[in-house]
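Accompanying notes for the structure given below.
The values are calculated or read from the model by the stated rules, or taken from the named source; none is laboratory data. For clarity, every value in this text was computed on a predicted model and none was experimentally measured. As a convention, Cβ positions derive from the backbone with ideal geometry for all residues, glycine included, and neighbour counts pool all protein chains shown.
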Amino acid sequence: MSETAIQYAPLVRALFNDAAKQGQPVAGTFELTESCNLSCGMCYIRNNGNPHPELKPASWNQLAQEAGDHGLIFLILTGGEIFSRNDFFEIYIPLTKMGFIITLLTNGTLISETIAERLADNPPNHVEITLYGASKRTYEKVTGVPGSFEKCQRGIQALLNHDISSGLKTTLTRLNVHELSAMKKMANNWGLPLITGWLLMKRRDGSSSDIDQSRLSSETGVSLELADSRAKNVIGNITEGINSHKCLAGRSSFTIGPSGAMNLCSHLPFPGVHPLNIGFKAAWKSVRQYTADLPPPSSTCLKCEYLDYCPRCPAWSFSETGTLKAPVPYLCRIARLRKMQ
Amino acid sequence: MKRNETFVKKSVGEKTLLIPTGSSVKHMHGLITLNATGSLIWEMLASDISKEEIVLRLKEIYGDKQKNLVQDVSTFIDQLLQMHLVHDV
């Protein structure tokens with residue numbers, strides 16, 4: 001009568017796939033702000049100067065309520081840095097009563113004992129903290145903010161002190177990749193899992209970014225993947241999906257940006273509809289329609305012998321070429337190396 | 001006994017899920033899936049009800065088709081109690 005999920009990740013994957021078949025928006029990301037107290041050169045948002053207007057807490061709660069009525073279950077709150085909003089708890093607390101599996105994405109540097117205590121009263125399902133290095137020197141070289149390494153460590157410790165389910169992830173760049181082993185050791189000492197990411201996308205507002213100086217070479221990135229058993233599984237399953245892209249964006253998941261625009265994902269600013277104006281149902285319908293209309297990969301990609309190993313999607317093409325289907329040379333090299341391994 | 005109202009029932013396709021909210025997240029980082037009978041029992045638990053009454057109501061619905069009904073209901077309720085999803089009133 002009840003089925004205990006021994007394997008949580010496969011269950012969630014199955015739910016996402018079932019939801020996609022039904023057209024149910026089971027997963028949503030709310031980007032509460034573009035503001036951040038750090039200044040990482042590789043960040044795809046990095047809008048410290050002129051952030052977009054931000055929705056008020058009542059609007060986020062209205063959106064969540066409507067999304068919940070249409071089947072939302074897995075909700076991610078992210079930024080920018082979510083705790084840079086002074087009214088974060090006005091948004092967050094009502095969401096914890098609505099029946100969502102909530103994940104908070106944060107850099108951890110603004111989490112004080114008081115904030116951890118308030119979270120513990122109404123805990124999220126999970127908090128994911130991004131770690132940018134294992135030493136003060138490297139961490140702050142990435143974030144550009146003196147003192148941020150200690151603050152991050154304090155934030156992690158505060159979450160642990162209050163038994164809040166947490167995990168670490170790291171964004172690997174040329175500045176911090178040499179500290180990967182040390183970061184794994186740090187995570188291990190805290191008793192936390194560490195996941196790694198290295199495929200960095202350009203800034204989504206089209207501004208110049210430090211991405212070329214930050215990105216790992218395709219050789220380094222692929223060799224790191226091979227050392228990570230979870231990544232090997234991802235590579236093995238990469239061919240699943242529809243023609244235009246392989247993830248479930250726009251089929252069972254969506255993103256809503258700081259000013260309330262609903263898009264396929266955080267990296268592709270389309271269709272940019274506003275559920276607060278036209279209603280959630282109509283907005284989700286637009287997202288699904290936009291997804292269905294996305295073009296398949298280019299003929300070059302379709303003929304490519306490395307296609308099954310390539311992470312390209314419309315968001316990657318848009319970010320790198322301004323089109324929705326053109327090949328992305330950086331990813332071409334990665335796909336070739338993955339196949340050759 | 002009665003269900004713990006901090007668990008919210010939701011569905012994906014034909015799957016029924018129970019999602020912990022508020023303080024229940026401390027006890028459970030995840031979700032529970034229910035089959036059709038489990039979902040029916042969850043609805044019965046909205047009001048104070050005993051195991052025996054649940055079995056009687058299920059027999060009214062399913063007749064005598066379901067074997068081991070008493071044992072199955074008992075095991076299920078014990079699981080719910082263990083996971084703080086129901087409590088004695």
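Numbers below:
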quantity: Checking residue A:295 against (1) modelled with pLDDT of 95 or more; (2) more than 20 Å from residue A:256 (Cα to Cα), the condition it does not meet; calculated: (1)
quantity: Some residue of segment A:207-215 being farther than 30 Å from residue A:258 by Cα and assigned to a loop (DSSP other than H, G, I, E, B); calculated: no
quantity: Residue within segment A:45-66 that is closer than 28 Å to residue A:17 by Cβ, at pLDDT below 95 and out of contact with any Phe, Trp or Tyr (no Cβ under 9 Å at 6 or more places or on another chain) present; calculated: no
quantity: Residue in segment B:55-72 that is within 11 Å of the chain's Cα centre (by Cα) and within 11 Å of chain A (Cβ to nearest Cβ) present; calculated: no
quantity: Filter result for residue A:56 (surrounded by fewer than 20 Cβ atoms within 10 Å (Cβ to Cβ), out of contact with any strand residue (DSSP E or B) (no Cβ under 7 Å at 6 or more places or on another chain) and away from chain B (no Cβ under 14 Å)); calculated: yes
quantity: In segment A:59-78, the residues that are touching a residue at least 40 places away in the same chain (Cβ under 8 Å) and either closer than 14 Å to residue A:88 by Cα or more than 14 Å from chain B (Cβ to nearest Cβ) (or both); calculated: A:59, A:62, A:63, A:66, A:76, A:77, A:78
quantity: Where a residue in segment A:143-165 is within 14 Å of chain B (Cβ to nearest Cβ) and under 14 Å from residue A:114 (Cβ atoms) and its partner, wherever it lies, is of a type in the set (Ser, Thr, Tyr) and buried (at least 19 other Cβ atoms within 10 Å of the Cβ), with Cβ under 7 Å and at least six apart; calculated: A:159/A:166
quantity: Among (1) in contact with a helix residue (DSSP H, G or I) (Cβ under 7 Å, 6 or more places away or on another chain); (2) buried (at least 22 other Cβ atoms within 10 Å of the Cβ); (3) within 30 Å of residue B:10 (Cα to Cα) - the single one residue A:101 does not satisfy; calculated: (1)
quantity: All positions within segment A:261-276 that are in contact with an Asp or Glu (Cβ under 9 Å, 6 or more places away or on another chain) and assigned to a loop (DSSP other than H, G, I, E, B); calculated: A:266
quantity: Which listed residue, of B:37, B:21, B:75, is at pLDDT 90 or above and surrounded by fewer than 16 Cβ atoms within 10 Å (Cβ to Cβ); calculated: B:75
quantity: Residues that are in contact (Cβ under 8 Å) with a residue 24 or more places away in the chain and out of contact with any strand residue (DSSP E or B) (no Cβ under 7 Å at 6 or more places or on another chain), drawn from segment A:254-291; calculated: A:259, A:260, A:267, A:268, A:276, A:279, A:280, A:281, A:288
quantity: Candidates A:79, A:144 - the one that is in contact with a Ser or Thr (Cβ under 6 Å, 6 or more places away or on another chain) and on the phi > 0 side of the Ramachandran plot; calculated: A:144
quantity: Selected residue [closer than 25 Å to residue B:42 by Cα, touching a helix residue (DSSP H, G or I) at 6+ places or on another chain (Cβ under 8 Å) and modelled with pLDDT of 85 or more] from A:41, A:28, A:71; calculated: A:71
quantity: Where residue B:43 falls short, out of the listed (1) at pLDDT below 95; (2) out of contact with any helix residue (DSSP H, G or I) (no Cβ under 8 Å at 6 or more places or on another chain); calculated: (1)
